[in-house]
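Just below is one structure, and these are the notes that go with it.
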Amino acid sequence: MTKVELLCPVGNFESLEAAIFYGADSIYFGLDQLNMRFKSANNFQITDLKELVNKCKKKQIKTYLTLNTIIYDQDLRLLNFILTKIKDLKIDGIIAMDQSVINYARRLDLQVHLSTQLNISNYESIKFYSKYAEAMVLSRELTLDQLQKIILKIQSNQLTSPNGKLIKIEVFAHGALCMATSGKCYLSLHLKNSSANRGACNQNCRQKYYLIDKINGTSIEVSNEHLLSYKDLCTISCLDQIIKTGISILKIEGRARSTEYVAITTACYREAIDSIKNNTYTIEKINSWINKLNNVYNRGFWQGYYLGRKVGAWAKKSSSSSHYKKLYIGKVKHYFNKSNIGLFYIESYDLKRKDKIFLFGPNTAIRKTVVKSIMINDIKSDIVRKGQICTIPIPFNIKVGDKLYKIIKI
């Protein structure tokens with residue numbers, strides 16, 4: 001088994017800490033413009049990049065900036081500024097689909113990863129783009145058999161990228177799927193004049209729709225009114241087959257999703273990759289990982305097209321299928337390192353003994369624990385209410401300002 005790079009989504013410093021702590025090999029992120037999640041995700045500012053890169057370099061984690069929108073002439077000046085800036089910061093590469101971005105990046109000798117939106121589906125296309133890119137995300141509609149044949153051709157022909165190394169193939173392993181071919185969707189543009197390919201998707205596909213017979217105008221009853229909404233991709237049950245094709249990079253979607261989503265998906269796929277490598281990948285572990293993945297935002301799961309399925313699996317609702325949700329409780333006022341006690345100000349809801357909680361912050365990776373005891377004014381209590389200050393034992397380091405959440409079953 002060749003080394004597989006686990007590439008994880010990051011939308012803010014809190015999710016960055018989660019990705020680092022739970023085992024990402026690399027992370028990808030966007031700025032507040034020119035990326036496919038500029039509207040839906042919390043993006044970084046260009047002034048954040050030095051801190052972001054320094055944090056990752058200390059842990060030997062690669063960094064990739066998404067510049068994967070369609071580019072217009074009025075964007076070129078900004079594009080040039082961003083690329084010049086990240087060249088100076090030594091970011092490891094960019095994720096792109098527009099030829100102007102690819103061309104500008106190559107002039108600056110920046111590494112390029114090609115987005116799935118280019119819909120690369122065959123070896124000849126890879127051969128063409130090998131002059132410009134080090135890695136390519138192939139079309140999401142390809143099967144494992146098609147993937148493997150393409151990778152074998154790359155290996156047998158020793159097809160190299162501009163850095164002289166073999167072209168790397170990158171695939172999506174987990175997260176949201178667009179109903180359009182490789183995500184090149186125009187539905188939001190047509191209906192709301194808000195271009196998904198410019199990072200402003202309104203997610204019209206996630207809504208309910210009626211099916212109408214156009215000839216006689218009658219409405220056709222369907223059991224699922226989410227006619228355009230795919231379930232989320234989840235490949236952890238067939239990950240061994242995906243890795244056997246020879247792919248180099250395994251990518252998790254989700255820059256617009258929560259810190260706990262980044263933590264759990266990163267942890268599960270890290271464990272799965274390592275289990276496959278160590279020959280300890282079992283059905284019991286797979287079921288355990290799926291249960292954990294079900295506990296964070298998802299629209300239900302399917303394995304995508306990898307195993308040859310030709311029709312998408314449609315979500316049954318636009319909201320999450322997870323059985324759990326988080327409630328914001330309050331913030332850390334102090335942490336007593338010697339006694340492992342946290343001092344909290346409760347800003348909303350009540351917190352009870354035995355409640356499941358998690359904490360995280362811009363410099364603290366998300367961690368879970370259980371409320372074993374509560375002290376209010378040095379008096380034991382089974383409950384603390386909004387507006388009160390309390391102390392709770394926390395078995396790991398936290399920092400002032402970190403957020404406290406309660407996990408509840410829906």
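What the table shows:
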| quantity | calculated |
| --- | --- |
| For K59: the one exception among (1) at pLDDT 95 or above; (2) farther than 21 Å from Y261 by Cβ | (2) |
| Some residue of the range 345-352 being open to solvent by 90 Å² or more (accessible area, probe 1.4 Å), at positive phi and touching a Leu at 6+ places or on another chain (Cβ under 9 Å) | yes |
| Tabulated pairs, the range 350-364, first among the acidic types (D, E), second modelled with pLDDT of 95 or more, C-beta under 6 angstrom, 6+ apart or interchain | D350/I383; D350/R385; D355/V371; D355/K406 |
| Meets criteria (open to solvent by 30 Å² or more (accessible area, probe 1.4 Å) and under 21 Å from C8 (Cα atoms)) for K251 | no |
| Neighbours by Cβ (under 8 Å, 6+ apart or cross-chain): first from the range 293-304, small (G, A, S); second in a loop (DSSP other than H, G, I, E, B) | G300/K231; G300/A313; G300/A315; G300/K316; G300/S321; G304/R140; G304/L177; G304/T235 |
| Flag for G254 being within 16 Å of the chain's Cα centre (by Cα) and at pLDDT below 95 | yes |
| V371 open to solvent by less than 40 Å² (accessible area, probe 1.4 Å) and modelled with pLDDT of 95 or more | yes |
| Extreme residue, farthest from Q33 (Cα to Cα), among residues of the range 72-92 that are of a type in the set (A, V, I, L, M) and open to solvent by 20 Å² or more (accessible area, probe 1.4 Å) | L89 |
| Residues of the range 166-180 that turn out to be in contact with an Asp or Glu (Cβ under 8 Å, 6 or more places away or on another chain) and of a type in the set (G, A, S), as a count | 2 |
| Matching residues, the range 1-24, being open to solvent by 80 Å² or more (accessible area, probe 1.4 Å) and at pLDDT 95 or above | F21 |
| In the range 324-344, the residues that are in a loop (DSSP other than H, G, I, E, B) and open to solvent by 90 Å² or more (accessible area, probe 1.4 Å) | N337, K338 |
| Among the residues listed as I95, I27, the single one being among the β-branched types (V, I, T), open to solvent by less than 10 Å² (accessible area, probe 1.4 Å) and in contact with a Phe, Trp or Tyr (Cβ under 6 Å, 6 or more places away or on another chain) | I95 |
| Cβ pairs under 8 Å, 6+ apart, first in the range 70-99 and farther than 20 Å from Q117 by Cβ, second open to solvent by less than 10 Å² (accessible area, probe 1.4 Å) and in a helix (DSSP H, G or I) | K85/L49; I86/L49; L89/L49; L89/V53; K90/V53; I91/L49; I91/V53 |
| Single residue of L138, L152, L147, L114 found to be open to solvent by 60 Å² or more (accessible area, probe 1.4 Å) and aliphatic (A, V, I, L, M) | L152 |
| Flag if D232 is modelled with pLDDT of 75 or more, of a type in the set (D, E, K, R) and in contact with a His (Cβ under 8 Å, 6 or more places away or on another chain) | yes |
| Qualifying residue in the range 189-210 (condition: at pLDDT below 75 and over 30 Å from D75 (Cβ atoms)) | yes |
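The values are calculated or read from the model by the stated rules, or taken from the named source; none is laboratory data. Quick caveat: nothing in here was measured; it's all calculated off a predicted structure. Here Cβ is always computed from backbone atoms with ideal geometry, including for glycine, and neighbour counts include all displayed protein chains. Please note that ligands, DNA and RNA were not included when accessible areas were found on the heavy atoms of the full protein model with its side chains. Shrake-Rupley method; radii C 1.70, N 1.55, O 1.52, S 1.80 Å.
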